[in-house]
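All remarks here apply to the structure that follows.
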């Protein structure tokens, strides 16, 4: 099946992006280069097309109870225009997806990972009660992420919203470049920034207005390559790499979004049992020596090399720290910060150690 194109496909090609197939879409992996784009986001401001993400809307009397039952975080705590990071779990505690729930004045919006749109939709639809109206608007909407210390200064020039009043993980609705938009102070980079949701047919003028507004900050388009290295420096999980149906949110370090006391939800019994029995393994961050970096699936050993502790889930050479970093699951008795380890990188055992995360801390 031919991959879908976001509303910005032709714009990316004109900008010289290297396009790849990702989660059923043609997406820009890089423009000028991953390191340069990564550093642009960390130093001034960069812009991502993340229109491949999925957007579901929920309305009706049963919407709150339904989302409470389907997600691990406490949806009842959300005020109007507040957002919440969460997961959906299977009955056995494995992760269906990680996602963000937004409370709107007339219902809820859920943003899900691009690769999981169909799976998530079916998972929800099969369990939806009659008093909930559920709409998939993924193909109608675009999402543009403006990330970096000058994201607010850039976006403020072209919106009627007072962005300084939008707190982290909150949102507002107003005009951006004269177009109706939902603007949330969220992102996947560890920098300050916003995600702007607009109708597909109005995407290109909004994108162009953002670049005009950010010209004084050397604003640049940023591809999925740098999005991955940016999130890894923050130890943010990527579905399909660090979390999936074989991992649970407690061992993945996402216990803070699992509210076991809120009442029943899918996977609660399994997660309670896992918590009572104690974790067997934990997702940790580690550094390794040299410039060769670990990749998904590489084996992790103890410092003797005799005991296999687990496996790498994500790895990269950090542009900001100039070190090889990674994430992986290791046996719980070897999961403390400072624990030495060996990572098998293409047949060579490379020394490393578990470190505090996030790897990178922003200076502002």
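Coordinate-derived values only; no laboratory data. Just so it is clear, the structure is predicted and the values come from calculations on it, not from any experiment. Using ideal geometry, Cβ is built from the backbone for each residue, glycine included, and neighbour counts are taken over all protein chains shown.
Some observations on this one:
- Site pair residue 273 and residue 76 shows an inter-label distance of 2.6 nm when each label is modelled 7 Å from Cα along Cα→Cβ.
- Taking label positions 7 Å along the Cα-Cβ direction at both residue 121 and residue 331, the computed distance is 4.5 nm, reported to one decimal.
- Most mobile of 281, 348, 268 in a GNM of the chain (Cα contacts under 10 Å): 348
- Under the criterion of Cα pairs below 8 Å and six or more residues apart, the relative contact order for the range 239-364 equals 25 percent.
- Helix-only mean residue ellipticity at 222 nm for the chain, each DSSP H run of n ≥ 4 adding -39500 (n - 2.57), per residue, nearest 500: -5500 deg cm²/dmol
- Largest GNM mean-square fluctuation across 103, 149, 32, computed for the chain with C-alpha springs under 10 Å, falls on 32.
- Between 148, 54, 278, the GNM of the chain built on Cα springs shorter than 10 angstrom shows 278 fluctuating the most.
- Potential extension, residue 260-residue 204 segment - 0.36 nm per residue separation minus Cα distance: 15.8 nm
- Here the spin labels are modelled as points 7 Å beyond Cα on the Cα-Cβ line, and at residue 104 and residue 131 they lie 2.1 nm apart.
- Order of 19, 110 under a 10 Å beta carbon neighbour criterion, fewest first: 19, 110
- Percent RCO, i.e. relative contact order, over the chain, from Cα pairs under 8 Å lying at least 6 residues apart: 18
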